[in-house]
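One structure is given below, encoded as structure tokens.
The values are calculated or read from the model by the stated rules, or taken from the named source; none is laboratory data. None of these values were measured; they are calculated from a predicted model. So basically every Cβ, Gly included, is an ideal-geometry build from the backbone, and we count neighbours across all protein chains shown. Heavy atoms of the whole protein, side chains included, go into the accessibility calculation; ligands, DNA and RNA do not. Shrake-Rupley method; radii C 1.70, N 1.55, O 1.52, S 1.80 Å.
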Amino acid sequence: MTASAAGYSPAQVISRARSARRARSLVVIAVLAAVVFVIFCVSLSLGDFKIPVVDVVKTLFGGGDRATEFIVNKLRLPRALTGVLVGLALGLSGAIFQSIARNPLASPDIIGVTYGASAFAVLAIVTLGLTGAAVAGLAIAGALLTAIIMYLLAWRRGVSSYRLILVGIGIGAMATSFTSYLLTKARVEIAQQALIWLTGSLNGRDWSQVRSMAITLAVLSPVLVLLVHRLRILQLGDETAYGLGLRVELSRLGLIVVGVLLAAMATAAAGPIGFVAFVAPPIARWLTRSPGPALVPSALIGAFVVSLSDLIAQHGLGHTQLPVGVITGVVGAPYLMFLLARANRVGSGG
């Protein structure tokens, strides 16, 4: 029986469809949050000294003994929290960029933002001999400078999404070449140090990374809430957005700034963890059946991917431990090839 046959007006049909989609999104968000929490607790329970997951949960809520509290809260919690927060930021950043460009290839780790951050970080390590927060600061500066150059080069009485992607890919290639040049000129031990950073790793992360990521998300999330309505309108296309009275370029610039800052801070905290921002938004849209940006599900998928990848990297390969970026690359690279192959088949260019 169709909706009209059942006596519903078109407005009622639309309202019921929106309610069903909203209910599905809430269920997806609740399930994803629960899954991320489970992976988070399992990652805290494993290590040289194994702790039952129940005791981990008790410790997180202040009920553990002193030995368990030391291992969980002092040794393992900063790394696990950094992974979750970095994943949230990358998922949000990917959703913003892909929604602005209306293209699944428009991810900060595909169009050059994280490549720019990496180039500046390697410059800091190789030529200036910097470490720690100084490297993170230059990585943020590199991401912002890359985004500014990308935006200016893509500007032709406005910024089209297709031109933004092409310019971003070109700048990313230039940044990658510059990074490779720096590595070839560096001493072997310095180059190894830079390569570890370039792979993307959560090893050795402490509370300073947790604080920086928590502050970033606390500051930028309310800004994104204010801009999300503009993001939905931009998804309808520039002409429609102009017709609805939206200040298109100002809105797009504001959203790009938020997306770049999220990706830059995540890269500064853990290095360029590849493909998380790329795969999180399409998975979130598929789960929620949402045509919109699905920001919260994308963020949770990002946290899920990073946390699960780090768990596998630490404990899934016996005594061999890998940087988390290796595992996310194994997942994301085939998806990128699939997208490119599908674009070639339909001749859409992505």
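Test G254 against the stated conditions and say whether it is surrounded by fewer than 18 Cβ atoms within 10 Å (Cβ to Cβ), over 30 Å from V326 (Cα atoms) and modelled with pLDDT under 90.
In short, no.
Every residue, every condition in (1) out of contact with any Cys (no Cβ under 6 Å at 6 or more places or on another chain); (2) open to solvent by less than 20 Å² (accessible area, probe 1.4 Å); (3) in contact (Cβ under 8 Å) with a residue 40 or more places away in the chain; (4) closer than 21 Å to S208 by Cα, yes or no:
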site: A89; (1), (2), (3), (4): yes, yes, yes, yes
site: I100; (1), (2), (3), (4): yes, yes, yes, no
site: I110; (1), (2), (3), (4): yes, no, yes, no
site: A117; (1), (2), (3), (4): yes, yes, yes, yes
site: A121; (1), (2), (3), (4): yes, yes, yes, yes
site: A134; (1), (2), (3), (4): yes, no, no, yes
site: I149; (1), (2), (3), (4): yes, no, no, no
site: R156; (1), (2), (3), (4): yes, no, no, no
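Select from region 283-296 the residues that are touching a residue at least 24 places away in the same chain (Cβ under 8 Å) and either out of contact with any Pro (no Cβ under 9 Å at 6 or more places or on another chain) or open to solvent by 20 Å² or more (accessible area, probe 1.4 Å) (or both) and list them in ascending order.
Scanning region 283-296 gives L287, R289, S290, P291, G292, L295, V296.
Checking the condition part of a loop (DSSP other than H, G, I, E, B) and either at pLDDT 90 or above or not β-branched (V, I, T) (or both), which residue from A3, A17, A23, A34 passes?
On inspection, the qualifying residue turns out to be A3.
For T59, only one of the following conditions fails: (1) of a type in the set (V, I, T); (2) touching a residue at least 40 places away in the same chain (Cβ under 8 Å); (3) buried (at least 21 other Cβ atoms within 10 Å of the Cβ). What is its number?
Result: T59 passes all but (2).
Name the residues in region 202-232 that are out of contact with any Asp or Glu (no Cβ under 6 Å at 6 or more places or on another chain) and more than 24 Å from S99 (Cβ to Cβ), would you?
Scanning region 202-232 gives N203, G204, R205, D206, W207, S208, Q209, V210, R211, S212, A214, I215.
Please specify each residue of region 204-251 satisfying the condition of being open to solvent by 30 Å² or more (accessible area, probe 1.4 Å), of a type in the set (S, T, N, Q) and either modelled with pLDDT of 85 or more or in a helix (DSSP H, G or I) (or both).
Result: S208, Q209, S212, S221, T240.
Can E189 be described as more than 29 Å from S43 (Cα to Cα) and out of contact with any strand residue (DSSP E or B) (no Cβ under 8 Å at 6 or more places or on another chain)?
yes
Among the candidates G64, G91, single out the residue that is of a type outside the set (V, I, T) and farther than 27 Å from Q321 by Cα.
Every option except G64 fails the conditions.
Of the residues that sit in region 184-203 and are under 22 Å from the mean Cα position of the chain (by Cα) and in a helix (DSSP H, G or I), which one is nearest to L123 (Cα to Cα)?
A194
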